[in-house]
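The values are calculated or read from the model by the stated rules, or taken from the named source; none is laboratory data. Just so we're clear, the structure is a prediction, and the values are computed from it rather than from any experiment. Heads up, the Cβs are rebuilt from the backbone with ideal geometry, glycines too, and the neighbour counts pull from every protein chain shown. Accessible surface is based on the protein model in full, side chains and every heavy atom, while ligands, DNA and RNA are left aside. Shrake-Rupley method; radii C 1.70, N 1.55, O 1.52, S 1.80 Å.
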Amino acid sequence: MTEPAYPLWGAPPESALLASRDRATGELVFPTLPDASPLSGAHETVPVATVGEVYSFTVIHPSAKSGESPYALGYVDLPGPVRIFGRLVGSARPAIGQRYAAQADERFGYVFTAVDTAA
Amino acid sequence: MQDIHILGGAMTRFGRHPGVLAPELAQQAILKAIDDAGVAKADIQAVYCANVLGGMILGQLVVRDLCFQGIPVYNVENACASGATGVHLARHALLAQQYDTVLVFGIEQLTALGGGTIPLQRNDHKTELYAKAGMVLPAVYAMRGTRFLHERQAKREDLAAIAVKNRHNGALNEYAQQRSETTIEEVLASRTIADPLTLLQCCPSQVDGAAAVVLSTRPGKAAKPVKVLSSVVVSGIREEARDDILDAEITARAARQAYEQAGVGPADVDVVELHDAFTIAELLYYEALQLCSRGDAVALLKSGATQLGGRVPVNPSGGLLAKGHPLGATGVAQMVEVMWHLQERAGARQVPGARIGLTQCTGGGIAGVDHAASSVHLLGV
């Protein structure tokens with residue numbers, strides 16, 4: 001993945017997804033605003049808590065000829081508050097309210113992985 | 001305020017038109033609309049072309065051979081709300097007395113895209129990031145569907161019932177692409193696109209179509225002149241972290257403004273053409289348009305009120321689910337359909353005694369908003 005114009009992840013060791021926090025209102029914006037944005041001056045970059053709950057999801061079924069397997073997408077509600085959309089991995093089928101954690105990903109930048117996977 | 005009238009309108013069949021380019025298709029609708037309006041070509045003083053994916057100056061390309069003598073041509077794009085936005089802007093010009101008679105048409109050729117879902121507007125970090133993860137419009141609606149089933153304890157059959165209703169209506173509509181009925185079982189058994197939405201719960205994508213209306217400050221010669229009672233366009237408010245995705249807020253806002261502007265309420269509406277791009281959308285819009293209270297969408301559907309023959313038929317044309325959704329044409333086609341009902345010209349689909357109709361369409365394709373654009377119109381005789 002090419003280097004994005006804005007930081008997606010904070011530096012190790014406490015790597016976390018980053019958001020832009022409006023200094024005046026406290027509202028969080030994801031992904032972070034790039035430096036080029038005239039709005040960035042009114043925001044500060046803050047880490048987002050790693051674990052949140054699924055607010056809603058869907059399972060995409062790619063067409064047979066694509067050869068791709070079904071995959072889950074969803075909104076994860078994280079403390080902040082902030083709601084982030086992304087791939088949901090690590091569970092056969094997500095459920096609303098299930099806990100997922102942000103994880104770095106080579107292809108997408110980040111995915112959410114199920115925290116409480118059934119045995 | 002000056003009354004604004006729809007003097008006439010027309011649409012092409014929505015579907016595949018092999019070998020027909022956008023200009024020819026649009027011209028078919030335009031010439032029929034001008035004839036229906038009982039005006040001469042020379043009476044048209046400006047042209048509004050609603051289109052999303054057809055490229056620059058499409059309006060001028062369409063009208064070049066119609067020889068309108070260099071009148072202003074405006075190209076309007078608001079995603080799926082383009083057609084209604086075109087009518088909205090035309091109305092402004094008529095109210096300002098810049099013109100007395102104008103043409104608005106919508107045209108789209110989705111078959112030129114080769115199938116698949118409508119592309120998002122990716123010139124944006126957030127939309128690009130989400131699109132890369134897999135965000136497509138069916139996924140956005142599907143997540144509303146998942147949440148709806150969860151919060152309302154609704155069943156998948158309730159979603160499928162919307163498709164059954166609208167496909168029944170489409171079977172009565174010679175302009176619809178899908179002209180056959182379907183069943184709950186067939187809808188649920190069709191291929192899953194984005195769970196819980198199956199193929200027959202998504203509006204068809206291989207469809208071309210055009211629709212046109214002539215608007216005027218004059219009532220024209222029709223026995224029942226159709227008036228634009230109100231016209232509203234709004235844009236999306238940036239989503240907040242704990243938004244309720246079952247609250248179609250942009251449409252609710254547009255509808256409140258439209259009712260207020262027209263001085264009518266939802267109980268006064270006799271017929272509705274709304275944006276059923278996916279089955280879940282129609283259920284959410286029942287509530288956003290105040291056809292029922294919050295939480296009562298499934299009850300309204302089950303009561304039969306929104307079927308043909310019910311208290312407030314919704315999508316008598318078959319909606320986007322049966323007609324298909326040629327993006328730029330949809331908003332104008334909804335108004336043509338409502339016009340037909342108000343003038344008792346809707347044939348087998350006729351809603352008897354219809355006097356006030358509502359049209360609604362929404363445009364999406366960027367992340368971070370409910371939708372980017374929503375437009376609601378109230379028409380009346």
Inset, instruction - Take the residues in the range B:183-198 that are in contact (Cβ under 8 Å) with a residue 24 or more places away in the chain and farther than 22 Å from A:A95 by Cα, then tell me which one is nearest to the other protein chains (Cβ to nearest Cβ). - result: B:V187
Legend entry - Restricting the range A:65-85 to residues that are among the charged types (D, E, K, R) and open to solvent by less than 60 Å² (accessible area, probe 1.4 Å), the residue that is farthest from the other protein chains (Cβ to nearest Cβ): A:D77
Inset, instruction - Output the number of residues of the range B:109-122 satisfying the condition of being in contact with an Asp or Glu (Cβ under 8 Å, 6 or more places away or on another chain) and open to solvent by less than 70 Å² (accessible area, probe 1.4 Å). - result: 3
Legend entry - Breaking point among (1) of a type in the set (V, I, T); (2) open to solvent by less than 10 Å² (accessible area, probe 1.4 Å); (3) outside any loop (DSSP other than H, G, I, E, B), for B:V234: (2)
Legend entry - Pairs, first closer than 15 Å to A:L17 by Cβ in the range A:87-103, second of a type in the set (D, E) and open to solvent by less than 50 Å² (accessible area, probe 1.4 Å), C-beta under 8 Å, six or more apart: A:R87/A:D105
Legend entry - Failed criterion for B:A133 (all others in (1) within 14 Å of another protein chain (Cβ to nearest Cβ); (2) open to solvent by 40 Å² or more (accessible area, probe 1.4 Å); (3) of a type in the set (A, V, I, L, M) hold): (2)
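One line per residue, one yes/no per condition, for (1) open to solvent by 20 Å² or more (accessible area, probe 1.4 Å); (2) of a type outside the set (G, A, S); (3) more than 20 Å from A:S56 (Cβ to Cβ):
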site: B:R242; (1), (2), (3): yes, yes, no
site: B:A252; (1), (2), (3): no, no, no
site: B:A255; (1), (2), (3): no, no, yes
site: B:R294; (1), (2), (3): yes, yes, no
site: B:N315; (1), (2), (3): no, yes, yes
Inset, instruction - Quick one: B:Q177 ticks every box in (1) at pLDDT 95 or above; (2) over 25 Å from B:H377 (Cβ atoms) except a single one, so which number is it? - result: (2)
Inset, instruction - Scan the range A:3-47 for residues that are assigned to a loop (DSSP other than H, G, I, E, B), more than 19 Å from B:E128 (Cβ to Cβ) and aliphatic (A, V, I, L, M) and jot them down. - result: A:A11, A:A16, A:A24
Inset, instruction - State which residue pairs qualify: first residue touching a residue at least 40 places away in the same chain (Cβ under 8 Å) and of a type in the set (D, E) and inside the range A:30-56, second residue surrounded by 13 or more Cβ atoms within 10 Å (Cβ to Cβ) and not in a loop (DSSP other than H, G, I, E, B) in any location, beta carbons under 8 Å apart, and separation of 6 or more residues or different chains. - result: A:E53/A:V76; A:E53/A:D77; A:E53/A:R99; A:E53/A:Y100
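Going by what's in this entry, would A:A24 be described as more than 11 Å from every other protein chain (Cβ to nearest Cβ) and of a type in the set (A, V, I, L, M, F, W, C)?
Values: more than 11 Å from every other protein chain (Cβ to nearest Cβ): yes; of a type in the set (A, V, I, L, M, F, W, C): yes.
In short, yes.
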Legend entry - Candidate set: the range B:207-224, residues that are open to solvent by 40 Å² or more (accessible area, probe 1.4 Å) and not hydrophobic (A, V, I, L, M, F, W, C); chosen: the one farthest from the chain's Cα centre (by Cα): B:K221
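Table: residues versus (1) open to solvent by 20 Å² or more (accessible area, probe 1.4 Å); (2) modelled with pLDDT of 95 or more; (3) within 14 Å of chain A (Cβ to nearest Cβ).
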{"position": "B:D124", "(1), (2), (3)": "yes, no, yes"}
{"position": "B:L129", "(1), (2), (3)": "no, yes, yes"}
{"position": "B:P138", "(1), (2), (3)": "no, yes, yes"}
{"position": "B:A142", "(1), (2), (3)": "no, yes, yes"}
{"position": "B:R147", "(1), (2), (3)": "yes, yes, yes"}
{"position": "B:L159", "(1), (2), (3)": "no, yes, yes"}
{"position": "B:V164", "(1), (2), (3)": "yes, yes, no"}
{"position": "B:G170", "(1), (2), (3)": "no, yes, no"}
